[in-house]
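A short worksheet on the structure shown next.
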Amino acid sequence: MRMSRSCRWVPVVALALLLPAQAHAFKLLGGHWAVEEGPVEYTVSATGSDNIADDSDTQAIIRSFQTWECVLCSNVQFRYMGDGPNEVATDGKNAMFFLEDATAWQDQTGASLDVTLGVTIHFDLETYSEADIAFNGAGFDWSTDEQITNVDVESVSLHETGHFAGLGHPCTDEAETDCLPDNVAIMAPAWSGGNARTPLDDDTAGLCAVYTTPKTACSGKKRLKEECERDCDCETGLLCVPDGDKRMCSRPCGTGLLACPRGTGCVLGLDGQGDRGLCLRNPEGSTQRMDGASCSRDLECVAGSCRRSGVLNRNVCAHSCNADDQCSPGYRCSDNLCLIPSAGEGVPCPPDTEERPRFLPPGCVCRATGPEALGVWVAVLLMWRRRIRQRS
């Protein structure tokens, strides 16, 4: 289900039973993510399912996102951001979680406790900015093993993340009495317990109707806002820049260049003479600007100070300094202001003999001749389940 702009609960689809295959195709919810602004970020609550002792439930949810990302006729991309909220809320986070309390399940989702396995809730109807997925831990037992001893996390997650991306149930009527079965489309409204860890042709056609630009691979060079270690990890035109205690692929910004993607701001580099910079992530939960961003008053800045830089020939947010070690990782002290040195390259890795800035992981080698390949495992397993269960 999804939430309308007026904040009333509006069902995306009704419940339906499995019926024989019909001669119709995918249905779309009508919305999409702005994938041109980088990967859609999501969290998975570390609390997980009460039935699963390890983190295999989290890994199953991550794999479901990776599986959709590996549909090569679409350009949708996702990024796992770690632990997150454990409730349906308009909190600026795309949260995945299990609800283990019956009252919480019904209050937060409005869905049946005995029939519905999972619910996807969008808070926008067209260009998505936030969505949550709740798994029903109060009404069902869950598992991640190959024998499918309980409700399979990855199978249900693949269906719900399909809704998350913008796919609906493949049904011809509003009441959903005439729908494709789950052996034709994993986006079918009911799961029979069969092999549902891989999208089928109808599903992939639907995804590529929403996100129409194809890609050549789902692994290899890192894309906009994806984690990296060095510039050569990133796609052509992107640079590996500081991102909190990690690094991410980003792009140059400034006069005549593309605007920075959502969630980032343009931080001017000392060698850009006030016209060039890098798109760096804004502080989480803050609308204030980072050191090096143009400003007009102190209140706009995380540093609380909007200062004139002679090198940049403009007012920028900046912390005061007397030496480089008084600045954040990736910045240096110039004219007593902490600013980034270059708008034309990512922050270089230091030699192993030097102290490593805290934003660099161990083992970073800047002179590598190519990126390390990322293995993406798409699980295709034979599954059985006698009892049909409903999905939202």
Quiz item: Just checking, which of Gln77, Gln108, Gln147 is surrounded by fewer than 24 Cβ atoms within 10 Å (Cβ to Cβ) and touching a Gly at 6+ places or on another chain (Cβ under 9 Å)?
Solution: Gln77
Quiz item: Of all the strands (runs of 3 or more DSSP E) wholly in the stretch 17-114, which have at least 1 residues that are within 19 Å of Arg197 (Cβ to Cβ), free of Cβ contacts under 8 Å to residues at least 40 places away in the same chain and touching a His at 6+ places or on another chain (Cβ under 8 Å)?
Solution: none
Quiz item: If Arg262 passes every condition in (1) under 23 Å from Asp124 (Cβ atoms); (2) not assigned by TED's automatic domain parsing to the domain that holds Ala293 but one, which one does it miss?
Solution: (2)
Practice problem: Those residues that are in contact (Cβ under 8 Å) with a residue 60 or more places away in the chain and more than 24 Å from Gly166 (Cβ to Cβ), I need them from the stretch 117-144; list them, please. | Solution: Gly137, Phe140, Asp141, Trp142, Ser143, Thr144
Quiz prompt | Options Asp83, Asp101; residue that is surrounded by fewer than 23 Cβ atoms within 10 Å (Cβ to Cβ), in contact with a Gly (Cβ under 9 Å, 6 or more places away or on another chain) and farther than 15 Å from Gly162 by Cα | solution = Asp101
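The values are calculated or read from the model by the stated rules, or taken from the named source; none is laboratory data. The structure presented is a predicted model; accordingly, all values stated were derived computationally and were not measured. So basically every Cβ, Gly included, is an ideal-geometry build from the backbone, and we count neighbours across all protein chains shown.
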